[in-house]
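Structure, as structure tokens:
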Amino acid sequence: MANFGTVGVDWQQRVNWDRLRKYRLERARERMKAHNLGALLLMYDENVRYVTSTLTPGWNRLKPGLRYALLCGDAAPVLFEQGDIGFQIQRHAPWIPPENIRWSYAWIKGAAGPASRQQVKKFTDSLVKEMRRFDVGDQTLGVDFVDINMLNQFNEAKIKWADGMTPMMEARAIKNVDEQECLRIVGAIGDAAHWETMRFLKPGLTENQVTAHIMEFLYRIPGMEDVEDVIVSSGPNTWPNWRNFSDRIIKPGEIVFMDLAALTWNGYKSCYYRTYCVGKQPTQEMKDYYATALTWLYDSIHAVRPGATTRDIALKWPSAQEAWGYAEEDQAAANLWGHGLGLAQYDQPVISRIWSLDHPLEIRPGMVFALETQHGKKYEWGVRIEEMLIVHEDRTEIISNFPVEQITVVM
């Protein structure tokens, strides 16, 4: 498949949403069973979305426990939606049996003290009831999120529980053809957004004005659900990279970089940096630093292939001590970085010298991830670049296509 278009048509096979829904659900179920779990309790929205293919408001997605899902054995998922939003889910999601749509019992970021204990008891009792309904009541429950109230109540209810995030991360790591096509579309939207940035960017604008313009541009695209962040940093804000924007006025000759941090099209997310120089040509020193970051980036991309590991990729980058004189790798967290893309920005694999050297993960066909590098002079300027890619059996497909060979000059 190859980026046919963004809407459904009768004359061409594009994203097959029914196939995508079934693939994700059965992939989660397969990993659940591989970990000897009888059920999965999913509270992070990317996991709820993965198994139920349901959309909830943004404010609801950011608070684990306002909604959650339970997957038991071979049964259809049970969705516990916030308040009476479940009535809308019944309208929109006929693939979930109506009797499997419930209201949630929430307490996180709402109730505290006795109120939270009241809510978590109702929460736990409802889980036990559903697990018994599907004959998995005596089996281990995998959970992707836990708090102190759950620990106490699960112990009282004698629920056997274990890590449920690992099987879900494993499930989400391998994308089928439809998910890959969704991410190609995300890449194409990112290309358009960077082209719009190049067209709009000029000295005298503030960082937040550029962010606002690109936000508006993105929300006009059909299928756009959310834009988590458009990071626009200029001049001394680019190094160290504070990964934010402000009301700072962009001056002629300054470096600016823009990151599409999780534009979200039909659930699927981006991460896509490019570096610009505004109003003047970059200095030779800026070009040299950029060339170094580009070498780091493409050396790591060339290490990507099935059967290689995240260690092989991370070894293409210098240590934090070599690059910037830092005492340890954690001080350079996310500077030289790779991370999976999907319904969450941090699907597997997540690649860093912090852990990948000692705990490598195998690269497999169907993985979709971003690799990003940066370099700079403290409190003066910095550069950052990033590519998004799909791993195939015989090649690595780059799905971010805005020019990257040199700093983009905007005059």
**OP:** Exactly one condition in (1) within 28 Å of the chain's Cα centre (by Cα); (2) within 22 Å of L62 (Cα to Cα) is not met by W95; state its number.
**Re:** (2)
Subject >> Single condition K378 does not satisfy, out of (1) out of contact with any Gly (no Cβ under 7 Å at 6 or more places or on another chain); (2) closer than 24 Å to E405 by Cα; (3) buried (at least 18 other Cβ atoms within 10 Å of the Cβ) >> reply: (3)
Subject >> Close pairs from the range 278-303: first among the aliphatic types (A, V, I, L, M), partner assigned to a helix (DSSP H, G or I) and open to solvent by 50 Å² or more (accessible area, probe 1.4 Å), Cβ under 6 Å, at least 6 apart >> reply: A303/D312
Subject >> Enumeration of residues in the range 7-43 that are under 24 Å from I189 (Cβ atoms) and within 17 Å of the chain's Cα centre (by Cα) >> reply: R24
Original post:
When the residues of the range 63-93 are filtered to those that are loosely packed, with under 15 Cβ neighbours inside 10 Å and touching a residue at least 12 places away in the same chain (Cβ under 8 Å), which remaining residue is nearest to W17 (Cα to Cα)?
Top reply: H92
**OP:** Go through the range 52-82 and count every residue that is within 19 Å of the chain's Cα centre (by Cα) and closer than 13 Å to S126 by Cα.
**Re:** 1
**OP:** Confirm whether G376 is of a type in the set (G, A, S) and outside any loop (DSSP other than H, G, I, E, B).
**Re:** yes
Subject >> Some residue of the range 306-319 being under 30 Å from T6 (Cβ atoms) and touching a residue at least 24 places away in the same chain (Cβ under 8 Å) >> reply: yes
Subject >> Pair list, Cβ < 6 Å and 6+ apart or interchain, from the range 213-229 residues that are touching a residue at least 40 places away in the same chain (Cβ under 8 Å) to residues that are outside any helix (DSSP H, G or I) and open to solvent by 50 Å² or more (accessible area, probe 1.4 Å) >> reply: P222/T6; G223/T6
**OP:** Filter the range 304-332 down to residues that are in a helix (DSSP H, G or I) and of a type in the set (S, T, N, Q) and give me whichever is nearest to the chain's Cα centre (by Cα).
**Re:** T310
Subject >> the range 76-103, residues that are out of contact with any helix residue (DSSP H, G or I) (no Cβ under 8 Å at 6 or more places or on another chain) and either assigned to a loop (DSSP other than H, G, I, E, B) or not charged (D, E, K, R) (or both) >> reply: G83, G86, F87, Q88, I89, H92, P94, P97, N100
Original post:
Just a yes or no: is a residue in the range 129-139 touching a residue at least 12 places away in the same chain (Cβ under 8 Å), open to solvent by less than 70 Å² (accessible area, probe 1.4 Å) and of a type in the set (S, T, N, Q)?
Top reply: no
**OP:** Among the candidates N36, N3, single out the residue that is more than 19 Å from F80 (Cβ to Cβ), touching a residue at least 40 places away in the same chain (Cβ under 8 Å), open to solvent by 80 Å² or more (accessible area, probe 1.4 Å) and in a loop (DSSP other than H, G, I, E, B).
**Re:** N36
**OP:** Those residues that are in a helix (DSSP H, G or I) and either open to solvent by less than 20 Å² (accessible area, probe 1.4 Å) or within 30 Å of V368 (Cβ to Cβ) (or both), I need them from the range 145-169; list them, please.
**Re:** M150, F154, M165, T166, P167, M168, M169
**OP:** Those residues that are farther than 21 Å from A171 by Cβ and of a type in the set (A, V, I, L, M), I need them from the range 2-28; list them, please.
**Re:** A2, V7, V9
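The values are calculated or read from the model by the stated rules, or taken from the named source; none is laboratory data. Model, not experiment: these values are computed from the prediction. Every residue, glycine among them, receives a Cβ derived from its backbone with ideal geometry; neighbour counts consider all protein chains shown. In case anyone asks, the SASA skips ligands and DNA or RNA and just uses the protein heavy atoms, side chains included. Shrake-Rupley method; radii C 1.70, N 1.55, O 1.52, S 1.80 Å.
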